[in-house]
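These notes are about the structure you will find just below.
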Amino acid sequence: MKLFVKPPAMVLKIKCVIFVWIVLCNLIVQGFHHELEHFGIAAWNIFLVNIMFFLMEEDPYKVRWIKCFCGIVVGLTGAWALCMVKVSLVGAGLPDVAATMIPLAVMLFLIIIGNSFMPYVFNNVGFGYFTVGLINPQLTCQHLGTYMLGGILGNLIINGIAVIIITNLAKYFTAKAKG
């Protein structure tokens, strides 16, 4: 295992362009932070998908992009469903811990075991959105649609354009190297 690896020049150039793209996106989102919040769209759901996108190193970029869409929907819907089921179970007289653990176990089973069968649907992006969605479950339930919209728009715009940039720059540098 090497502690320091010198990346190929093409990879470093592409990553520098992507770095500038992500910083620019952050600047824009920060500039419109209050307007987005007015519509219930928090910046976290726009950028969590971007972080998750770049953490999926083993998949091609286009596959990552599709997995992000599915993960957003599965994770936030799972957090919402956990809350709804818990409320129903508590209302039926189950203790709070049991009412939490039953839907939690089902959702974790789907994400962890389901990943082996349906990796596009049940993946780490879903796990991330599920976990973050449960930090404040009341807000997630109140803003489920706009939270999903924010994540989907973040994936569509930020990650989608990143895929286009990466793909086109890779083609350009490959063609240039061939001469």
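The values are calculated or read from the model by the stated rules, or taken from the named source; none is laboratory data. The structure presented is a predicted model; accordingly, all values stated were derived computationally and were not measured. Because the Cβ atoms are built from the backbone with ideal geometry, glycine has one as well, and the counts that use them run over all protein chains shown.
Overview of results
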item	result
Qualifying residue in region 132-145 (condition: in contact with a Gly (Cβ under 9 Å, 6 or more places away or on another chain), among the hydroxyl-bearing types (Ser, Thr, Tyr) and within 18 Å of Ile51 (Cα to Cα))	no
First in region 142-166 and closer than 15 Å to Val20 by Cα and touching a residue at least 40 places away in the same chain (Cβ under 8 Å), second anywhere and of a type in the set (Lys, Arg) and in a helix (DSSP H, G or I), Cβ under 6 Å, 6 or more apart	none
Filter result (surrounded by fewer than 23 Cβ atoms within 10 Å (Cβ to Cβ) and over 14 Å from Ile152 (Cα atoms)) within region 58-78	Glu58, Asp59, Pro60, Tyr61, Lys62, Val63
Candidate set: region 113-130, residues that are surrounded by fewer than 16 Cβ atoms within 10 Å (Cβ to Cβ) and without any contact (Cβ under 8 Å) to a residue 12 or more places away in the chain; chosen: the one nearest to Ile46 (Cα to Cα)	Met118
From the options Leu153, Leu149, Leu139, residue that is in a helix (DSSP H, G or I), loosely packed, with under 14 Cβ neighbours inside 10 Å and modelled with pLDDT under 95	Leu139
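So that you can scan it fast, the table gives a plain yes or no per residue for (1) of a type outside the set (Val, Ile, Thr); (2) under 16 Å from Thr131 (Cα atoms); (3) surrounded by 14 or more Cβ atoms within 10 Å (Cβ to Cβ):
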{"residue": "Phe47", "(1), (2), (3)": "yes, yes, yes"}
{"residue": "Met56", "(1), (2), (3)": "yes, no, yes"}
{"residue": "Pro95", "(1), (2), (3)": "yes, no, no"}
{"residue": "Met101", "(1), (2), (3)": "yes, yes, yes"}
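Here is a yes/no grid of residues against (1) farther than 24 Å from Phe127 by Cβ; (2) among the acidic types (Asp, Glu); (3) over 20 Å from the mean Cα position of the chain (by Cα):
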site	(1), (2), (3)
Phe32	yes, no, yes
Trp44	no, no, no
Met52	no, no, no
Ile66	no, no, no
Cys70	no, no, no
Met84	no, no, yes
Val90	yes, no, yes
